[in-house]
Structures are given as structure tokens and as C-alpha cells.
1. Each residue of the range 310-321 in turn: what ³J(HN,Hα) in whole Hz from Karplus with 6.51, -1.76, 1.60 and θ = phi - 60°, glycine and Pro shown as x?
2. Cβ under 14 Å from ILE4's Cβ, ILE4 left aside: what net charge do those residues give with Lys, Arg +1 and Asp, Glu -1?
3. Distances longer than 25 Å among the Cα atoms of the range 66-219: what percent of all pairs is that?
4. Convert each backbone phi in the range 73-87 into a coupling constant with the Karplus relation 6.51 cos²θ - 1.76 cosθ + 1.60 (shift: θ = phi - 60°), then list the ³J(HN,Hα) values in order as whole Hz, x for Gly and Pro.
5. Given the range 4-88, report the % of alpha carbon pairs whose separation exceeds 15 Å.
6. Please list, in chain and number order, the residues 5+ apart from ALA286 or on another chain whose amide H is under 5 Å from its amide H, with Hs placed from the backbone.
7. Calculate, in nm to one decimal, what ASN61 and CYS270 gain on full extension: separation in residues at 0.36 nm each, minus their alpha carbon distance.
8. In sequence order, what are the phi-derived ³J(HN,Hα) couplings for the range 136-147 according to the Karplus relation 6.51 cos²θ - 1.76 cosθ + 1.60 with θ = phi - 60°, rounded to whole Hz, with x for glycine and proline?
Amino acid sequence: MPQIIEWPSPTGEDVVWTHPSEDITWGAQLIVHEMENAVFFRDGKVYDVFGPGRHMLTTLNLPLLTGVLSKLAGFPNTPFKATVIFVSSKEFNGKYGARAQTTELAPLLVHGGYWFKIKDPELFITEVVGRQDAYTTSSVNEFIRGFINERIIDDLSKYTLVSVFTQLDETSTTVKTHISEALERFGIQLVDLRFEGIDTTPDYRERLFWLRSGTMVPATEVLRMETVKTAAKELGKSPGAALGAGMMLIPPMFQTGAAPAAVMIICPKCQATTLATSKFCPNCGAEIAKPPPGPEVKTCENCKQVVPPTAKFCPNCGSKI
């Protein structure tokens, strides 16, 4: 009875399967089902590939492997050694999840799903199964998921925090295109890739809140304002802080643009930034005590804006102090 080489009972989750025996006899029956390919692999190289059907293994339908085996003693009357790897051409899906960062080093947590199929079984066996030693479905899935994670991390590092969140459709399309082109080198077709969730840390979420509200500061000022906020928090700890524990004026000199600069203060309870005219913190609701009158707080007589103690001219209207 001839030897039967067949992928027994593949499931919808199986990408590859390796025949357990490498000893192949001439005249063996190779059975390849629909949506499958059988690849003969030997010494790290792919030889002959068979599509769906029943094939009797002879020197005629194994031309590439025969060329190698013909140099061996006993050919063609003895069994030969080769690894038969079955590859499914069905569509598969998986999940990815990665920790990335933007151009300003803002942390990102991103996850989603991807769909793929093996487009070129010969290239896939050579580049993934052979070079990556991925002979099982689990190892193939692990390789693809890891590869996608690495590319997402690399691609997102080229975007700002604002563009990732405000232009997510455009960003995800670009990332998908880059990953699709890269996977083609492994004989894999990326059918689809979706961003199902993306998040950052609370600190950077607060920056995004300022950007989306657009009421207190322009988008280009957010990062600089956060730097001033940190500095003000430290200055507020010093004995000479004019406005009391934890609260500090952010001078207009820190702000740019043609429009009049709004004077900002730091909430003494939650350290959120708000307008100096606020009576309550918009972040935590705490009452904001007004600064005591004193020589260190100066006001422009023309526009009534608070100015730095050493100012000779008002930075808001230009009037002489």
C-alpha cells in the first residue's frame, strides 16, 4: 500500500502543519485539499510546491528535488528525506497590542486586530518557516503579531500626540500601508488592520483636553504651558512665593502671539492651570483664594492686566507703567 501524505482534519485556525515523517517513498500519494498548498522543504530550501489535488510522487512532478536527489547513492530506488509542510490559503485574524511613543515621547497604548492570508507559500516557507523556525501555527501567529507590533511602534514614533488622536483615520491608513508592504516580503497579504483602542497617560490626556477645548490657550502653546506649570509648581514651594502655598502666577512673558496674553495661575489643590480671574478650579472645583494686595503684584492702569513686578511697560497694551 502506497504511503499517504495528507493534512488530517485541519481546523479554521491552522495556518501551517508539518508532516511528522521526513522519510518519503517514491510513488507515495500526496493529498492536498482545497485552500491548501504542500511545500517540499529540505536543507533550508524550498523545492517543489503542490496545489490542491491527489499527486503521485515521481521524478516527473518533483523536478527540483529530483535534481538534488539524483546525486545521492541508491537514487531512485530508495526513500528520500524531505519535510512536507502544508500551508493554508484561508484568511486568518489575530490581535495586536503595543506600547509606543510619539515624537514628543508621549506614551501610547494601542491595540486592535489584523487579518491576513498566505499569498506566496514558497516565499512564506522560505522567509518565515525556514528562517524564523516557525513550523507551527502558534509560532507563525507569534511572529506575525510581533512583527506588526514592531512596525506600529516604529511608525507611531514619527507622529505627534495631537496628530495621532485628531487624525487617527489618516494615521492608521498610513501605518496599515507600511505594514502591508513589509509583510509582502514574507509572502503574506495583509487583508486589513484596525485600531480598536488607543490611549495615553493622564498627564498627556490633560494636554489633549486643552487642545480640544481651544478656549484657554492655542494648541501650539500646550507643551510650553505644561513646562511653565511645572516650573510654577516648584517656585510656589519657595518662601518668596507671592500668592501663597502652591499657587503661582504665570507671567505673560511666557506666552506668545498677537492676541493679548491671558494670565494663568496654578490651582493649589490639584495643580491644574486656569485663568487668574477664576474663582473656582475648573478641574477639581476647589475655591481659588485671591492673592493678597502687595507691592509684588502690579496692574497696568490702562488695560488693568496684571504685569510682572519689574515691568516698565505693559506686555499687554504697551503702556508705560
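1. Ordered by residue, 3J(HN,Hα) equals 8, 5, 9, 10, 6, x, 8, 10, x, 5, 6, 7 Hz.
2. On the way: positive: ARG54; negative: GLU6, ASP23.
The answer is -1.
3. Numbers: 5383 of 11781 pairs.
Cα-Cα pairs in the range 66-219 separated by more than 25 Å: 46 percent.
4. 5, x, 5, x, 8, 10, x, 10, 9, 6, 9, 9, 10, 8, 10
5. Values: 1962 of 3570 pairs.
Summing the P(r) of the range 4-88 above 15 Å gives 55 percent of all pairs.
6. CYS281
7. Working: separation 209, 0.36 × 209 = 75.24 nm, distance 7.61 nm.
Length gained between ASN61 and CYS270: 67.6 nm.
8. Those phi angles translate into 10, 4, 4, 6, 5, 4, 5, 5, 5, 4, x, 5 Hz.
Here, each number is a calculation from the coordinates, and none is a lab measurement. For clarity, every value in this text was computed on a predicted model and none was experimentally measured. Note: ideal-geometry Cβ built from the backbone for every residue, glycine included; neighbour counts use all protein chains shown.
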